[in-house]
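Structure record follows, encoded as C-alpha cells.
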Amino acid sequence: MAIDMQTGHESFVENGRESSMTGLVAGIIDDVQRLMGQQLKLFRREVQDDVAKVLEAMILLGVGAAAAVVAGILVAFGIAHWMSAAFPNLPLWACYSIVGGVLAVLGGALLIAGTRLLDSFNPLPDESAEAMKENVQCLMKTLK
C-alpha cells in the first residue's frame, strides 16, 4: 500500500499497476449496477414469458369452456328427455330438476378444485427474485 503524493489517496500495487481505492470502489459499483440491470432484464423476461403462457392458456380455456357449456346444455336436455321417456310416470320438470341438481353438484366440486389449484399457483419467477435478493444482501455487506 502506498500513498499518492499528488492526490493523498491510498493506492494498492497489483501486478505492477496502481489502482486507487476510489477506482476500485467505482469499478465494484459499476459491476453491481450492470449485474442488477441484467438481473432486472432477466426478471422482466421471465414475467413476460409467464404472462404470455397464462394468456395463451386463458384463450384456450375460454374457447374450450364455451364449447363445453353449449355441449353440456344439449346433453342435459337430451338426458332429461331420455329420463322422461324411460320413466313415463316421472314428469318432465322432475327430469330437468334431477339433471340440473347433478350438474350443480358436479359444477360446485369443480369450482372448489379450481380455486384450490389457483391458490397454489405462484406467478412470480422465484429464481430471479431470489438471486436479486442475494445480490442486494451481498452489496450491503460489501458497503459496510
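Things to note:
- Distant alpha-carbon pairs in the stretch 71-112 (separation over 11 angstrom), percent: 62 percent
- Computed E for residue 82/residue 49 - FRET, C-beta separation, R0 41 angstrom, nearest 0.05: 0.30
- What you get for the stretch 36-123, charging only the Cβ of Lys and Arg (+1) and of Asp and Glu (-1), is a dipole of about 120 debye around the Cα centre.
- Rg over Rh for the stretch 26-144 works out to 1.39, both radii taken from alpha-carbon positions and Rh defined as the Kirkwood radius.
- Cα-centred dipole magnitude for the stretch 20-77, charges only on beta-carbon of K, R (+1) and D, E (-1), debye, nearest 20: 60 debye
- Approximate spin-label separation residue 110-residue 69, in nm, with each point projected 7 Å along Cα-to-Cβ: 1.2 nm
- Within straight-line reach of residue 141, meaning a Cα separation under 28 Å, sit the following lysines at least 8 residues removed in sequence or on another chain: 41, 133.
- Calculated FRET value between residue 131 and residue 29, using beta carbons and R₀ = 22 Å, to 0.05: 0.70
We did not get these values from a lab; they are worked out from the coordinates using the rules stated. Given the structure is predicted, the values throughout are model-derived calculations rather than measurements. Cβ coordinates were reconstructed from backbone atoms using ideal geometry, including for glycine residues, and neighbour counts include every protein chain displayed.
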